[in-house]
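Visitor: Shown below is the structure under consideration.
The values are calculated or read from the model by the stated rules, or taken from the named source; none is laboratory data. Everything quoted here is computed from the prediction, not taken from an experiment. Backbone-built Cβ (ideal geometry, glycine too); neighbour counts: all protein chains shown. For the accessible areas, the whole protein counts, side chains as well, though only heavy atoms, and no ligand, DNA or RNA atoms are used. Shrake-Rupley method; radii C 1.70, N 1.55, O 1.52, S 1.80 Å.
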Amino acid sequence: MKTYLHLVCLAVITISSFSLSSCNNSDDVGEIFLDKTWKLTKILADQNPPQEVYDYWDSEEARKKSLELLFEKGTFVISFSGFVKNNKIDDGGYSGRATTSEISGKWTVDGDSRVFSTTQTEINDGDPLGRAFIKALSLADKYGGDSQNLQIFFTEGGKRRYLLFRVDNAE
């Protein structure tokens, strides 16, 4: 009986270790992207450690104005819509705002490969950071993050960067 009990315990431990060690490297794209508005917090260089990008402005005054606009309600925001099928969203829609320009278009995402793209075209915005935000969306190729923090990666001028978003609680 004692041997039988040891075998049962060993089997339970072995089975539970398999279930705990198996992992799913796929993201729940519906949980991450849908039913919320994302607010840009900053644009960062994709390096270790990440560094804030400051080359969008030609003066310190312009940079300060952009940062004031960044903290205004309703600026630098984006919301996504679509239907999840096989952990992908194809032909979803998005809408948002930089500073003076409304943005919208189609987007796709794959939760397994983390590939992300939009149909955003470059349009003019009244602010350098607004123009950078729009251009980054047009160049987007990958995402990272979770349901509270989102990174949208892009390459601009040979430099790897990302938009860093948080959920906008001001909606």
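Visitor: Which of the residues that make up region 77-104 are surrounded by fewer than 20 Cβ atoms within 10 Å (Cβ to Cβ) and in contact with a helix residue (DSSP H, G or I) (Cβ under 8 Å, 6 or more places away or on another chain)?
Guide: Once the filter is applied, which keeps residues that are surrounded by fewer than 20 Cβ atoms within 10 Å (Cβ to Cβ) and in contact with a helix residue (DSSP H, G or I) (Cβ under 8 Å, 6 or more places away or on another chain), region 77-104 yields VAL84, ASN87, LYS88, THR100, SER101.
Visitor: Which number in (1) of a type in the set (S, T, N, Q); (2) in a loop (DSSP other than H, G, I, E, B); (3) within 27 Å of ASN48 (Cβ to Cβ) marks the one condition that THR155 misses?
Guide: Unmet condition: (2).
Visitor: Could you list all residues from region 105-125 that are open to solvent by 20 Å² or more (accessible area, probe 1.4 Å) and among the polar types (S, T, N, Q)?
Guide: THR108, SER113, SER117, THR118, THR119, THR121, ASN124
Visitor: Go through region 50-61 and give me each residue that's open to solvent by 80 Å² or more (accessible area, probe 1.4 Å) and either part of a loop (DSSP other than H, G, I, E, B) or within 20 Å of THR119 (Cα to Cα) (or both).
Guide: Kept after step one, since they are open to solvent by 80 Å² or more (accessible area, probe 1.4 Å), are these residues of region 50-61: 51, 54-55, 58, 60-61.
Listed by number, the residues that qualify are TYR54, ASP55, ASP58.
Visitor: Filter region 10-37 for residues that are at pLDDT 90 or above and of a type outside the set (D, E, K, R); which is surrounded by the most Cβ atoms within 10 Å (Cβ to Cβ)?
Guide: Across region 10-37, the extreme among qualifying residues is PHE33.
Visitor: Go through (1) buried (at least 16 other Cβ atoms within 10 Å of the Cβ); (2) outside any strand (DSSP E or B); (3) among the basic types (Lys, Arg) for LYS64 and report which single condition fails.
Guide: Here LYS64 meets the rest and fails (1).
Visitor: For region 129-155, name all the residues that are touching a helix residue (DSSP H, G or I) at 6+ places or on another chain (Cβ under 8 Å) and either surrounded by fewer than 19 Cβ atoms within 10 Å (Cβ to Cβ) or at pLDDT below 95 (or both).
Guide: Passing the criteria: GLY145, ASP146, SER147, THR155.
Visitor: Which of (1) modelled with pLDDT under 95; (2) surrounded by 10 or more Cβ atoms within 10 Å (Cβ to Cβ) is the odd one out, the single condition LEU40 does not satisfy?
Guide: (1)
Visitor: Hey, which of the strands (runs of 3 or more DSSP E) in region 72-130, taking only ones fully inside, have at least 1 residues that are aliphatic (A, V, I, L, M) and within 19 Å of ARG166 (Cα to Cα)?
Guide: The strands (runs of 3 or more DSSP E) meeting that bar are 77-81, 102-110.
Visitor: Hey, can you tell me all the residues within region 156-165 that are open to solvent by less than 60 Å² (accessible area, probe 1.4 Å) and without any contact (Cβ under 8 Å) to a residue 60 or more places away in the chain?
Guide: GLU156
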